[in-house]
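Asker: Quick one: this structure, given as structure tokens, is what I'll be asking you about.
The values are calculated or read from the model by the stated rules, or taken from the named source; none is laboratory data. None of the values given here were measured: they were computed from a predicted structure. Reconstructed Cβ throughout: ideal geometry from the backbone, glycine too, with neighbour counts over all protein chains shown.
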Amino acid sequence: MRVTLDMPKEIEAQFNAAAQARGVPLSDYVRDFIVEHYQGDADDLRTAQERLADPQPGITSNQLRKNLGLDD
């Protein structure tokens, strides 16, 4: 897939510098950056959806403190 991006010049310069520092073409660097960040967001979304599908009963703040060993 091909995508055209318009971005502020200062961000473009940062992406160019990062790609050069890694010795990869700008297009590869941008692709990898997008995929990596998308995957993190997708994982977070999947976790949230799983938790919403199987809600657990809540606990009180007193029980939480006890569970964490903050109260004797």
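Asker: Could you pull out the residue among Arg51, Arg65 that is farther than 30 Å from Asn16 by Cα and modelled with pLDDT of 90 or more?
Answerer: Checking each option against the conditions leaves just Arg65.
Asker: Now for a separate question. Report those helices (runs of 4 or more DSSP H) wholly inside the chain carrying at least 1 residues which are of a type in the set (Ser, Thr, Tyr) and surrounded by 11 or more Cβ atoms within 10 Å (Cβ to Cβ).
Answerer: Counting at least 1 such residues, we get 26-53.
Asker: May I pose another question? When you check Val24 against the structure, is it of a type in the set (Val, Ile, Thr) and touching an Asp or Glu at 6+ places or on another chain (Cβ under 9 Å), yes or no?
Answerer: yes
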